[in-house]
């Protein structure tokens, strides 16, 4: 078993730095002369970061805050995303340094799973290039998985109660940022609409997972707090989050959220179940009032569009987008069947048919998350997510059953259980295994589940 040593000899630090530089030189030589500048910068960063391990908490917090700037994960590199990319590079170098020097903690099977994924990511880039992927696309797709780099630092830091509070603050900040940004974007779309159909089709389908987690978190908080002021504040936040989720018009996340709320109903006690029934009716009325407050002039159009979107869930006919997903699934499954073990790597495309436009083009993104990770990372990648989700949920359930805990201390564990169950469901149509926020939430939930399980052991 690998353990963290109390002291790291400087000679080991220098040796690891030289070795990592050599590996980067081999992998990045493809990029030309600029690769050596990258190697020099990362090597220097390893030296500095390795010698200042006491600053790890500040670095992790800086990285998490930079993640908020990267949530949109749009094509290309925006200037606002540069801090995140720089910190991700430093974090990757540090984790590699810890692994090479034998100081990476592997105390559980879940730790081993994350180590396997760390090693699988650079292999997927090389495999993608071998299979003819575009270099820019192959390197770009690894950013979907950059959130896993925070796993081992979090495993260590989450043992501290003070850092757990900081993580809760980060989660609230992220939810608030996404909600405010999406409301602003939605209103801008409505204002710029010239025709009624443009307003009816208005949606902000961005970071729906974060909003779903907000709904589940504030819902759990509402039924967990006994103090009236905290209960009212949580309920207000729940209603705002719920409205934000509805306005995304993402049918898969609507169903996933309802499924998550059902999981919460199963986990809580009888008193909280009665509260849920009351909240269900109250939130519907509050949601209508908030819609009328913010979008009173366009409420009729918005409601009609939402009714049409809801009715499409139970429709026996598939709309064009769903038919395209079916064709996409068939094509990707054919490719996986031909190579089910290794996969094809990052950036490798497949022919996708667009029915409305009437043409077929090369496409890399896969909407079915299970097929996406299987196609990109092979069978190991698929088994990683299935095993990690199962182990994380088990850790939280065992922690909740270990001994009686205060309801407020169960808010985060119950939220993560419900969120992961929702993610498992929505992954069929919206890939949690091929999105930055999906992978980041998986990593954070997995890291905290071990701490929660261990701290709830009966004395």
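Taking the condition under 24 Å from the mean Cα position of the chain (by Cα), in contact (Cβ under 8 Å) with a residue 24 or more places away in the chain and part of a helix (DSSP H, G or I), does residue 375 pass? Working first, answer last.
Values: under 24 Å from the mean Cα position of the chain (by Cα): yes; in contact (Cβ under 8 Å) with a residue 24 or more places away in the chain: yes; part of a helix (DSSP H, G or I): yes.
Considered against the rule, which asks whether it is under 24 Å from the mean Cα position of the chain (by Cα), in contact (Cβ under 8 Å) with a residue 24 or more places away in the chain and part of a helix (DSSP H, G or I), residue 375 comes out as yes.
Restricting 175, 150, 190 to those that are more than 23 Å from residue 89 (Cβ to Cβ), in a helix (DSSP H, G or I), at pLDDT 85 or above and not assigned by TED's automatic domain parsing to the domain that holds residue 88 reduces the list to 175.
Give me the residue from the range 350-360 that is surrounded by 11 or more Cβ atoms within 10 Å (Cβ to Cβ) and over 21 Å from residue 433 (Cβ atoms) and, out of that set, modelled with the lowest pLDDT. For the range 350-360, the residue satisfying everything is 355. Buried (at least 18 other Cβ atoms within 10 Å of the Cβ), modelled with pLDDT under 90 and either part of a helix (DSSP H, G or I) or touching a helix residue (DSSP H, G or I) at 6+ places or on another chain (Cβ under 6 Å) (or both): is that true of residue 117 in this structure? Considered against the rule, which asks whether it is buried (at least 18 other Cβ atoms within 10 Å of the Cβ), modelled with pLDDT under 90 and either part of a helix (DSSP H, G or I) or touching a helix residue (DSSP H, G or I) at 6+ places or on another chain (Cβ under 6 Å) (or both), residue 117 comes out as no. Determine if the range 429-437 includes at least one residue that is surrounded by 18 or more Cβ atoms within 10 Å (Cβ to Cβ), more than 13 Å from the chain's Cα centre (by Cα), touching a residue at least 60 places away in the same chain (Cβ under 8 Å) and not in a helix (DSSP H, G or I). Checked the range 429-437: at least one residue is surrounded by 18 or more Cβ atoms within 10 Å (Cβ to Cβ), more than 13 Å from the chain's Cα centre (by Cα), touching a residue at least 60 places away in the same chain (Cβ under 8 Å) and not in a helix (DSSP H, G or I). Criterion first (surrounded by fewer than 24 Cβ atoms within 10 Å (Cβ to Cβ) and either in contact (Cβ under 8 Å) with a residue 12 or more places away in the chain or under 14 Å from residue 279 (Cα atoms) (or both)) does residue 214 satisfy it? Answer is no for this residue.
So which of 429, 408, 415 is modelled with pLDDT under 90, in contact with a helix residue (DSSP H, G or I) (Cβ under 6 Å, 6 or more places away or on another chain), closer than 22 Å to residue 172 by Cβ and not assigned by TED's automatic domain parsing to the domain that holds residue 70?
On the way: 429 fails: closer than 22 Å to residue 172 by Cβ; 415 fails: modelled with pLDDT under 90.
Selected residue: 408, the only one of 429, 408, 415 that is modelled with pLDDT under 90, in contact with a helix residue (DSSP H, G or I) (Cβ under 6 Å, 6 or more places away or on another chain), closer than 22 Å to residue 172 by Cβ and not assigned by TED's automatic domain parsing to the domain that holds residue 70.
The values are calculated or read from the model by the stated rules, or taken from the named source; none is laboratory data. Computed from a predicted model, the values in this text were never measured in an experiment. Positions of Cβ are generated from backbone atoms using ideal geometry, with glycine treated the same way; all protein chains shown enter the neighbour counts.
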